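S.K.: Dropping the structure in here first, questions after.
The values are calculated or read from the model by the stated rules, or taken from the named source; none is laboratory data. Keep in mind that what you see is a predicted model, and the values were worked out from it rather than measured. Here the Cβ positions follow ideal geometry from the backbone for every residue, glycine too, while neighbour counts run over all protein chains shown.
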Amino acid sequence: MYPNRTIFFFYAIAYEPFLILALVFVIGLVLGRATDPPWRRQQGALLVGLFLVLAIVVSAYFYPIWTAQMIPYQDWKNHMWMPSWI
C-alpha cells in the first residue's frame, strides 16, 4: 500500500508457521482423499507436483539475492520484477 516506505519483513516470522500449516492443508485438499477415484488423485498429485517444482525454480532464481551474493548489475535488475523493488 505504501511502496515508498521501508518494509520490515521480519514481522512475517510471527505468522509463518500458520502460513505453512495452511499451505500443507490446501495441498492435502488438492491431493484428495484416499477414497477418491484414482484419476482424481493423479490430477491432484500432478498439480501439487507442478506447484512444488515452480516453487523450487523460483526459489533457486532468487537464491543469490536472498543470500547477498555478488551478481552482475543486469542480473540484479532482472530479479527486480516490481517497480517498487528497485
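S.K.: Let me spell it out: the conditions are (1) modelled with pLDDT of 90 or more; (2) assigned to a helix (DSSP H, G or I); (3) of a type in the set (D, E, K, R), and LYS77 meets all of them except one. Which number is the exception?
M.R.: (1)
S.K.: Could you tell me which of the residues PRO64, PRO17 is surrounded by fewer than 10 Cβ atoms within 10 Å (Cβ to Cβ) and under 19 Å from the mean Cα position of the chain (by Cα)? I'd like the intermediate steps shown before the answer.
M.R.: Values: PRO64 fails: surrounded by fewer than 10 Cβ atoms within 10 Å (Cβ to Cβ).
The match here is PRO17.
S.K.: Right, here's the next one. Could you list, in sequence order, all residues of the range 27-50 that are surrounded by fewer than 12 Cβ atoms within 10 Å (Cβ to Cβ) and aliphatic (A, V, I, L, M)?
M.R.: Hits for the range 27-50 are LEU29, ALA34, LEU46, LEU50.
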